[in-house]
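Accompanying notes for the structure given below.
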Amino acid sequence: MNPPSVAEAQALASDLVEAIGDVDGVVRVACPPFVALPAVAGTLAGSSIGVGAQNAHPEAKGAFTGETPLGMLDGLCSYVIVGHSERRQLFGETDAFVNAKVSAVLAAGLTPILCVGETLDERDSHRAEAVVRRQVSAGLAGVSEEQASRIVIAYEPVWAIGTGRAATPEIAQEMCAFVRSEAGASLGVDASGGMPVLYGGSVNPGNAESLAAQTDVDGALVGGASLVAADFAAIVRAFAQA
């Protein structure tokens, strides 16, 4: 829920156009809170920065108070974040529900950014790969090889989100390579080879360059650092240069 007002979200979008509107070589997407989507989409219209939603409901309509159907996103965005760790942990989203969202987003002609990742307890108990394998396999269930080119996967080490504790570049590389391998097992090696795999876990200007240098880290799902245009611009430029 950041920035906390529509006016601030629109101002940040304007700052992003100035800071990264001319960067080549990397896709940039801003995903504001739902109420700010129309204002941010309007500010970014005509720029080279895309727009995404932070969530969506898989049903087209119905008695789901507080939820947002994909039809209401028509014309506002091209991407939808699906299965973010906070949705899974705080709101109880299951692998099956996340998969339903992936299918619905694809059917709506939008690009899902499927989030996967393990908690600290799961990593410390040596279950990181098992958890991520399950989430990738379940999230991509029913997805065709042809649809694979429209999917982005973001690996989130949940233990590194909002803590200031980032995974080392080596861990990011290891897990992003693992995600790509598991996607290949689900969709076919050729399909997964062209699928962007992002790292998301306390990415900041200080670690962006070393993360961007990793072979299987294609980009970043940026949290707090995206709220400061200059910091986000530094991360974008690091990946563009890589």
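Excluding L187 itself, what net charge comes from residues whose Cβ is under 11 Å from its Cβ, given Lys and Arg +1 and Asp and Glu -1?
-3
Which residue fluctuates most in the GNM of the chain (Cα springs below 10 Å): G52, G75, G194?
G75
Rounded, prolate or oblate: which fits the range 110-242 when a ≥ b ≥ c are the square roots of the eigenvalues of the alpha-carbon gyration tensor, with rounded for a/c under 1.5 and prolate only if a/b beats b/c? Mind dumping the intermediate values first?
Details: a/c = 1.91, a/b = 1.31, b/c = 1.46.
In terms of gyration-tensor shape, oblate.
For the chain, what does the helix formula give at 222 nm: sum of -39500 (n - 2.57) over DSSP H segments with n ≥ 4, over the residue count, nearest 500 deg cm²/dmol? Provide the component values of the computation, followed by the final result.
Details: 10 runs with 102 residues, N = 242.
Counting only the DSSP helices, I get -12500 deg cm²/dmol.
How long are the semi-axes of the equivalent ellipsoid of the chain, taking √(5λ) for every eigenvalue λ of the Cα gyration tensor, in whole Å from largest down? Mind dumping the intermediate values first?
Working: eigenvalues 123, 103, 59 Å².
So the three semi-axes of the chain are 25, 23, 17 Å.
Using the Cα gyration tensor of the range 11-139, with a ≥ b ≥ c the square roots of its eigenvalues, what is the shape: rounded (a/c below 1.5), prolate (a/b larger than b/c) or oblate (neither)? Walk me through the numbers before you get to the answer.
Values: a/c = 2.20, a/b = 1.42, b/c = 1.55.
Oblate is the answer for the range 11-139, as a/c is 1.5 or above yet b/c matches or exceeds a/b.
Of the listed peptides 218-226, 8-16, what is their order by residue-averaged count of other C-beta atoms within 10 Å, with the highest listed first?
On the way: 218-226: 20.8, 8-16: 18.8.
My ranking of the peptides, most packed first, is 218-226, 8-16.
Indicate the gyration tensor shape class of the range 195-242 (rounded, prolate or oblate), computed on the Cα atoms with a ≥ b ≥ c the square roots of the eigenvalues: a/c under 1.5 is rounded; otherwise a/b larger than b/c is prolate and the rest oblate. Each step should come with its number before you reach the end.
Working: a/c = 1.90, a/b = 1.46, b/c = 1.30.
Prolate.
Keeping all protein chains in place, calculate the accessible area per residue for the chain (probe 1.4 angstrom), answer in Å². Before the final figure, lay out the partial values.
Numbers: 11070 Å² over 242 residues.
Here the residues of the chain average 46 Å² of exposed surface.
Determine, from the Cβ-Cβ distance of A130 and L227 and an R0 of 22 Å, the FRET efficiency 1/(1 + (r/R0)^6), rounded to the nearest 0.05.
Working: r = 34 Å, r/R0 = 1.53.
Result of the calculation: an efficiency of 0.05.
With N residues in the range 16-57, what two-decimal value do you get for its Cα radius of gyration over 2.2 N^0.38 Å?
1.17
Go ahead and run the numbers for FRET between T65 and T94, Cβ-Cβ distance against an R0 of 22 Å, rounding to 0.05. Intermediate results must be reported in sequence, preceding the final value.
Numbers: r = 20 Å, r/R0 = 0.89.
With R0 = 22 Å, the Cβ-Cβ based efficiency is 0.65.
Where in the range 118-135 does the label zone of T168 land, with the point 7 angstrom along Cα→C-beta and an amide N cut-off under 16 Å?
124
The values are calculated or read from the model by the stated rules, or taken from the named source; none is laboratory data. Just so it is clear, the structure is predicted and the values come from calculations on it, not from any experiment. We place every Cβ from the backbone using ideal geometry, glycine too, and count neighbours over all the protein chains shown. Side chains are part of the model used for accessible areas, which takes the heavy atoms of the whole protein and leaves out ligands, DNA and RNA. Shrake-Rupley method; radii C 1.70, N 1.55, O 1.52, S 1.80 Å.
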